[in-house]
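Peer 1: I'd like to ask you about the structure that follows.
The values are calculated or read from the model by the stated rules, or taken from the named source; none is laboratory data. Everything numeric in this text was worked out from a predicted model, so none of it was measured. No Cβ is skipped: glycine too gets one built from the backbone with ideal geometry, and neighbour counts run over all protein chains shown. These area figures cover heavy atoms from the full protein model, side chains too; ligands, DNA and RNA do not enter into them. Shrake-Rupley method; radii C 1.70, N 1.55, O 1.52, S 1.80 Å.
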Amino acid sequence: QKEVEQNSGPLSVPEGAIASLNCTYSDRVSQSFFWYRQYSGKSPELIMSIYSNGDKEDGRFTAQLNKASQYVSLLIRDSQPSDSATYLCAVTYGNNRLAFGKGNQVVVIP
Amino acid sequence: DVKVTQSSRYLVKRTGEKVFLECVQDMDHENMFWYRQDPGLGLRLIYFSYDVKMKEKGDIPEGYSVSREKKERFSLILESASTNQTSMYLCASSSPGRNGANVLTFGAGSRLTVL
């Protein structure tokens, strides 16, 4: 199984601040990268996908990819209480398989 | 929107019982997946299928089998349930995205407790 690491512990951010999440992966040939959000008791839902080096912005979310360093990050600007969730990094490998990191919990404090 | 429906939200079974978890998707997706999610271990792939009657082992297939007789339905089978199979089971389906990657849509999950 390919490794996807999300090492940060729970992240608490004040409302309106920026939340920054990082993810590293082991398979150099991975081409597709995703961030899923999972609310407590719910299933994961896709929020961002990124395929090329650089930044991709979608509303308050920005994904950043650096294939040379094998990391992908997610920034959440103007954090809202509704952003409180666990964020899962996912990376493709092999025959269109997706490997997931263990997730980072984000708590936005009003 | 793609809808992935898992037949049972909560199940309680006894050790040694045969367990069927059913999953149906309504968007004609070729690919379907079964994951289990455990605290501290994240999401782990059990089996996936990229066509009717086709299946491929994921990272933790031991103790599980699958069946895909129709395109819209993918079943996970625990031949003889054990307590270490107590978990949240998530079904997903996908169509190929960019670079042939799978963009997954998940069902609501089936929480299985084996006593």
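Peer 1: Among the listed residues A:Ser69, A:Ser40, A:Ser82, which satisfies the condition of being away from chain B (no Cβ under 14 Å), exposed (fewer than 12 other Cβ atoms within 10 Å of the Cβ) and under 18 Å from A:Gly101 (Cβ atoms)?
Peer 2: Among A:Ser69, A:Ser40, A:Ser82, only A:Ser69 is away from chain B (no Cβ under 14 Å), exposed (fewer than 12 other Cβ atoms within 10 Å of the Cβ) and under 18 Å from A:Gly101 (Cβ atoms).
Peer 1: In the stretch A:83-110, what count of residues is obtained for those that are of a type in the set (Phe, Trp, Tyr) and either in contact with a Gly (Cβ under 7 Å, 6 or more places away or on another chain) or under 19 Å from A:Gly16 (Cβ atoms) (or both)?
Peer 2: Qualifying residue count for the region: 2.
Peer 1: Restricting attention to the stretch B:29-41, does a residue exist that is more than 12 Å from the chain's Cα centre (by Cα), surrounded by 14 or more Cβ atoms within 10 Å (Cβ to Cβ) and under 20 Å from B:Pro96 (Cα atoms)?
Peer 2: Looking through the stretch B:29-41, at least one residue is more than 12 Å from the chain's Cα centre (by Cα), surrounded by 14 or more Cβ atoms within 10 Å (Cβ to Cβ) and under 20 Å from B:Pro96 (Cα atoms).
Peer 1: Only residues in the stretch A:47-59 that are more than 14 Å from B:Asn102 (Cα to Cα) and within 14 Å of chain B (Cβ to nearest Cβ) count as the first member; pair them with residues that are β-branched (Val, Ile, Thr) and surrounded by 12 or more Cβ atoms within 10 Å (Cβ to Cβ), Cβ under 6 angstrom, at least 6 apart or cross-chain, and list the lot.
Peer 2: A:Lys56/A:Ile50
Yes/no matrix, rows are residues, columns are (1) acidic (Asp, Glu); (2) at pLDDT below 95:
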{"residue": "B:Lys18", "(1), (2)": "no, no"}
{"residue": "B:Glu22", "(1), (2)": "yes, no"}
{"residue": "B:Met27", "(1), (2)": "no, yes"}
{"residue": "B:Trp34", "(1), (2)": "no, no"}
{"residue": "B:Gln37", "(1), (2)": "no, no"}
{"residue": "B:Gly42", "(1), (2)": "no, yes"}
{"residue": "B:Phe48", "(1), (2)": "no, yes"}
{"residue": "B:Asp51", "(1), (2)": "yes, yes"}
{"residue": "B:Gly63", "(1), (2)": "no, no"}
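Peer 1: Here's a follow-up. Using beta carbons and a limit of 7 Å, which pairs, at least six apart or on different chains, have the first residue in the stretch A:83-98 and closer than 20 Å to A:Asn7 by Cβ and the second one open to solvent by 10 Å² or more (accessible area, probe 1.4 Å) and of a type in the set (Ser, Thr, Tyr)?
Peer 2: A:Ala85/A:Tyr39; A:Val91/A:Tyr25; A:Leu98/A:Thr92
Peer 1: Would you be able to tell me the number of residues in the stretch B:60-115 that are within 11 Å of another protein chain (Cβ to nearest Cβ) and part of a loop (DSSP other than H, G, I, E, B)?
Peer 2: 6
Peer 1: Looking at (1) free of Cβ contacts under 8 Å to residues at least 60 places away in the same chain; (2) assigned to a loop (DSSP other than H, G, I, E, B); (3) open to solvent by 30 Å² or more (accessible area, probe 1.4 Å), can you tell me which one A:Gly16 breaks?
Peer 2: Of the numbered conditions (1) free of Cβ contacts under 8 Å to residues at least 60 places away in the same chain; (2) assigned to a loop (DSSP other than H, G, I, E, B); (3) open to solvent by 30 Å² or more (accessible area, probe 1.4 Å), the odd one out for A:Gly16 is (1).
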